[in-house]
Amino acid sequence: MLDEQGQASQAIEEYKKALELDPNNSMIFLGDGESYMRNNRVREAVDTAEKAVRANPDNVEAHKLLSQITSS
């Protein structure tokens, strides 16, 4: 929600806080990766999407995000 309101830096900080509490949550990595992608931070988006896939190889949305980033 913060990212959609133009507060990308704050959104990313909130994802980092969430990952401190739940460091293996694929959905948090996914949201973080999407935020990086929307803000043209491609390297960070790829890294985070890869972490989402590693955290849960069955997370289809994480695979889609990684594919979308790397095909751009």
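The values are calculated or read from the model by the stated rules, or taken from the named source; none is laboratory data. Nothing here was measured: the structure is a model prediction, and the numbers come from that model. Neighbour counts are summed over all protein chains in view; Cβ atoms, including those assigned to glycine, are modelled from backbone coordinates with ideal geometry.
Could you tell me how many of the residues in segment 29-50 are in a helix (DSSP H, G or I) and either touching a His at 6+ places or on another chain (Cβ under 8 Å) or free of Cβ contacts under 8 Å to residues at least 24 places away in the same chain (or both)?
Keep residues of segment 29-50 that are in a helix (DSSP H, G or I), which gives 29-38, 42-50.
Filter once more, keeping what is either touching a His at 6+ places or on another chain (Cβ under 8 Å) or free of Cβ contacts under 8 Å to residues at least 24 places away in the same chain (or both): 31-32, 43-44, 47-50.
Number satisfying all stated conditions: 8.
Looking at segment 48-62 only, could you name the residues that are in contact with a helix residue (DSSP H, G or I) (Cβ under 9 Å, 6 or more places away or on another chain) and surrounded by fewer than 16 Cβ atoms within 10 Å (Cβ to Cβ)? Talk me through it step by step, then tell me what you get.
Initially, segment 48-62 is screened for residues in contact with a helix residue (DSSP H, G or I) (Cβ under 9 Å, 6 or more places away or on another chain), giving 48-59, 61-62.
Answer for segment 48-62, where residues must be in contact with a helix residue (DSSP H, G or I) (Cβ under 9 Å, 6 or more places away or on another chain) and surrounded by fewer than 16 Cβ atoms within 10 Å (Cβ to Cβ): ARG54, PRO57, ASP58.
Run down ASN25, ASN56 and say which single residue is more than 20 Å from GLN10 (Cα to Cα) and of a type outside the set (A, V, I, L, M, F, W, C).
ASN56
Taking segment 63-72 as the region of interest, how many residues are surrounded by 17 or more Cβ atoms within 10 Å (Cβ to Cβ) and out of contact with any Gly (no Cβ under 9 Å at 6 or more places or on another chain)?
First, the residues of segment 63-72 that are surrounded by 17 or more Cβ atoms within 10 Å (Cβ to Cβ): 65-66, 69.
Filter once more, so that each one left must be out of contact with any Gly (no Cβ under 9 Å at 6 or more places or on another chain): none.
Residues that pass the stated criteria total 0.
State all residues of segment 51-72 that are outside any helix (DSSP H, G or I) and modelled with pLDDT under 95; if no residue qualifies, say none.
Within segment 51-72, the subset outside any helix (DSSP H, G or I) is 56-59, 71-72.
Of everything in segment 51-72, those that are outside any helix (DSSP H, G or I) and modelled with pLDDT under 95 turn out to be SER71, SER72.
I'm trying to understand the selection: among the residues of segment 18-34, which are surrounded by 13 or more Cβ atoms within 10 Å (Cβ to Cβ) and more than 23 Å from GLN7 (Cβ to Cβ)? Break it down stepwise before answering.
Restricting attention to segment 18-34, the residues satisfying the condition of being surrounded by 13 or more Cβ atoms within 10 Å (Cβ to Cβ) are 18-19, 25-34.
The answer is SER26, and nothing else.
Would it be correct to say that GLU34 is modelled with pLDDT under 95, acidic (Asp, Glu) and more than 12 Å from the chain's Cα centre (by Cα)? Lay out the reasoning, then the answer.
Numbers: modelled with pLDDT under 95: yes; acidic (Asp, Glu): yes; more than 12 Å from the chain's Cα centre (by Cα): no.
Criteria not met by GLU34.
Can you tell me how many residues in segment 35-45 are surrounded by fewer than 22 Cβ atoms within 10 Å (Cβ to Cβ) and not basic (Lys, Arg)? Full working, then the answer.
Here is the first cut: in segment 35-45, the ones surrounded by fewer than 22 Cβ atoms within 10 Å (Cβ to Cβ) are 37-44.
Going one step further and asking which of them are not basic (Lys, Arg), we end up with 37, 39-40, 42, 44.
Number of matching residues: 5.
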